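Notes to accompany the following structure.
The values are calculated or read from the model by the stated rules, or taken from the named source; none is laboratory data. Just so it is clear, the model here is predicted, and its values are computed rather than measured. Please note: Cβ atoms are built from the backbone with ideal geometry, for glycine as well, and neighbour counts cover all protein chains shown. Remember, those area values only see protein heavy atoms, side chains included, never the ligands or the DNA or RNA. Shrake-Rupley method; radii C 1.70, N 1.55, O 1.52, S 1.80 Å.
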Amino acid sequence: MEGQELPYVLVDTIGGRIGVYEDHVGFLNKCFHLITMKEYLENKTFLSKKITAIYMWYHKPHINEELLQSLPNLKVVASSGVGIDHLDLKLLSSYGVKVSNTPSVVSIDTADMGMALLLASSRRLVEGHEMAVSPETEYFPADWLGVEVSGATLGIVGMGVIGYKVAERAKAFEMKILYHNRNQRKKEEESAVGAVYCKKIDNLLQQSDFVLLAVNLTPQTHKLIGKRELELMKPTATLINISRGLVVDQDALVEALQNKVIKAAALDVTYPEPLPRDHPLLKMKNVIITPHIGSATKKTRWVMMEEMVESIQAGLAGLPVPREVLP
Ligand SMILES: O=C(O)[C@H](O)CO
């Protein structure tokens, strides 16, 4: 690339909370001329024709039609992570823009996160930590009770790559596994983890001690878990969500937790993110919330960045875009 101008790539911020990680900047600067949204807005006339790609980290910068209209030479949007519910793929395609994501690399960490939430909730890890460290909290470990994981039934809703990896982990914890998915998995895949298919989600909800959501957010899965579904669950059951907040009707969830329709919830995703500081879910002892960090490990985030760079470079060179997402 020596002597050649690096491609101008739009990012949200650099080293900010949602922008490019500080320790990724060195690598990215060797590949691209990074332009932050702020720089772009301050110098739109010059930069709008220069920018040929968007590096979309954690759904930012937000892409709408106005932005697309203002970037006539935009060719590629590389989006981090697997979910693409934040992108209007048809709109992007109508502007001739190719889109890529990083699906495979996030699956192990996200499945680990699902198990981490399951274990933390069942053994009341956060409450226990507070009791152990807070001088104001009454110390009563002798009365402490959690829920056993071994032998319990885990219902996985969405048996894609992540759901299946959760099943592999749950098998090692000696859990019984049910799953609901559009398509039944192959017999050998089912038996490798001892998973039993529930064609009807209702059957899974009625039998599971832990219900874990690992579906993509689509019009079909939007608020898939509402009042009716929560009422089908056992009063002793826990809901775990590692997919998207909008897969659950959050108001119905609050009500179900308040009325002890279900026992607990452990959520890596909510809507909005973050929740307003006075949201009822933030005040419940039987709820664990993490800030959408399913794939947030150092190694995975680095590989995500490398894959995004690779997709942008290929797209700008007119080559097939690795991990292209078609509308
Ligand atoms: O979809 C993903 O990979 C994560 O949830 C981040 O968007």
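Below, the figures for the structure above:
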| read-out | value |
| --- | --- |
| Links that overshoot a 23 Å alpha carbon limit, given the list LYS227/LYS263; LYS199/LYS263; LYS49/LYS98; LYS171/LYS285; LYS38/LYS298; LYS38/LYS75 | LYS199/LYS263; LYS171/LYS285; LYS38/LYS298 |
| Cα convex hull of segment 34-122 - mean projected area over all directions, nm² | 7.1 nm² |
| The chain, relative contact order in percent, only Cα pairs under 8 angstrom and at least six apart counted | 17 percent |
| Mean Cβ neighbour count within 10 Å, used as a protection proxy, ranking 288-301, 136-149, 61-74 highest first | 288-301, 61-74, 136-149 |
| Rounded accessible area per residue of segment 1-159, 1.4 Å, Å² | 51 Å² |
| Normalised alpha carbon radius of gyration of segment 237-294 [divisor 2.2 N^0.38 Å] | 1.00 |
| Folded to 0 to 90 degrees: helix 298-316 orientation relative to the chain principal axis, Cα | 40 degrees |
| With DNA, RNA and ligands ignored, accessible area of HIS222 (1.4 Å probe; Å², nearest 10) | 90 Å² |
| Backbone N within segment 226-247 under 19 Å of label point (7 Å from LYS200 Cα along the Cβ vector) | 226-235 |
| Karplus (6.51, -1.76, 1.60) ³J(HN,Hα), θ = phi - 60°, over segment 264-278, in Hz, Gly and Pro reported as x | 7, 9, 9, 10, 8, 9, 9, 9, x, 10, x, 6, x, 4, 9 |
| Cα centroid separation - segment 238-294 against segment 200-224, whole Å | 15 Å |
| Contour excess over end-to-end distance, with Cα ends at SER191 and ALA142 and 0.36 nm allotted per residue | 13.7 nm |
| Under 5 Å, built H, 5+ apart or other chain: amide partners of ILE288 | ALA265, ALA266, LEU267 |
| Accessible surface of the chain [probe 1.4 Å, protein heavy atoms]: carbon and sulfur percent | 54 percent |
| Estimated FRET transfer efficiency (LYS171, ALA317; beta-carbon r; R0 51 Å; 0.05) | 0.75 |
